[in-house]
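Nothing in this text is a laboratory measurement; each read-out follows from the coordinates by a stated rule. None of these values were measured; they are calculated from a predicted model. Note: ideal-geometry Cβ built from the backbone for every residue, glycine included; neighbour counts use all protein chains shown.
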Amino acid sequence: MKYKVYHAINPTFGFGKKPEFPSEYKLVATVECADLEDVFRITNHIDEDWTKNPEVTELFHNRPRSTSVGDVVIDEDGYHFYCDQVGWKEIIEA
């Protein structure tokens with residue numbers, strides 16, 4: 001499955017007011033992998049720069065930070081997910 005990864009422009013990392021999506025986010029990459037846990041693993045600097053991972057199919061910014069609390073991922077079916085303190089929460093639009 002393909003996922004679009006959006007990082008908060010001014011991240012709060014779960015502290016303070018959540019940024020507004022999409023106006024306070026930037027698209028950083030498209031990743032092709034099995035699930036959201038893979039997205040998190042692939043888009044984190046663990047042993048080396050994550051942008052070099054083969055699952056990263058498009059890169060929209062040079063040297064993006066690791067995905068963290070407050071970032072948003074959209075799957076190829078259009079579902080939006082917020083990276084929370086523990087796991088992912090689906091964003092349900094009112």
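The table for this structure:
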{"read-out": "Under-26-angstrom lysine pairs by C-alpha in the chain, whenever the two are 8 or more apart or on separate chains", "value": "15"}
{"read-out": "Under the Karplus curve 6.51 cos²θ - 1.76 cosθ + 1.60, θ = phi - 60°, whole-Hz ³J(HN,Hα) for region 61-66, x wherever Gly or Pro sits", "value": "9, 6, 6, x, 6, 5"}
{"read-out": "Residue-span extension gain [residue 9 to residue 79] - 0.36 nm each, minus C-alpha spacing", "value": "23.1 nm"}
{"read-out": "Calculated FRET value between residue 66 and residue 2, using beta carbons and R₀ = 30 Å, to 0.05", "value": "0.90"}
{"read-out": "Long-range HN-HN contacts of residue 91 with modeled amide H, under 5 Å", "value": "80, 81, 82"}
{"read-out": "Derived scalar couplings ³J(HN,Hα) [region 85-90; Karplus, 6.51 cos²θ - 1.76 cosθ + 1.60; whole Hz; x for Gly, Pro]", "value": "4, 10, x, 10, 10, 6"}
{"read-out": "Compactness of the chain - radius of gyration and Dmax, Cα, Å", "value": "12.2, 40"}
{"read-out": "Contact order normalised by residue count of the chain, Cα under 8 Å, 6+ apart, percent", "value": "32 percent"}
{"read-out": "Cα-projected label distance for residue 37 with residue 92, points at 7 Å along beta-carbon direction, nm", "value": "2.4 nm"}
{"read-out": "Under Karplus coefficients 6.51, -1.76 and 1.60, residue-wise ³J(HN,Hα) of region 40-49 in Hz, glycine/proline x", "value": "4, 4, 5, 9, 10, 6, 10, 9, 7, 4"}
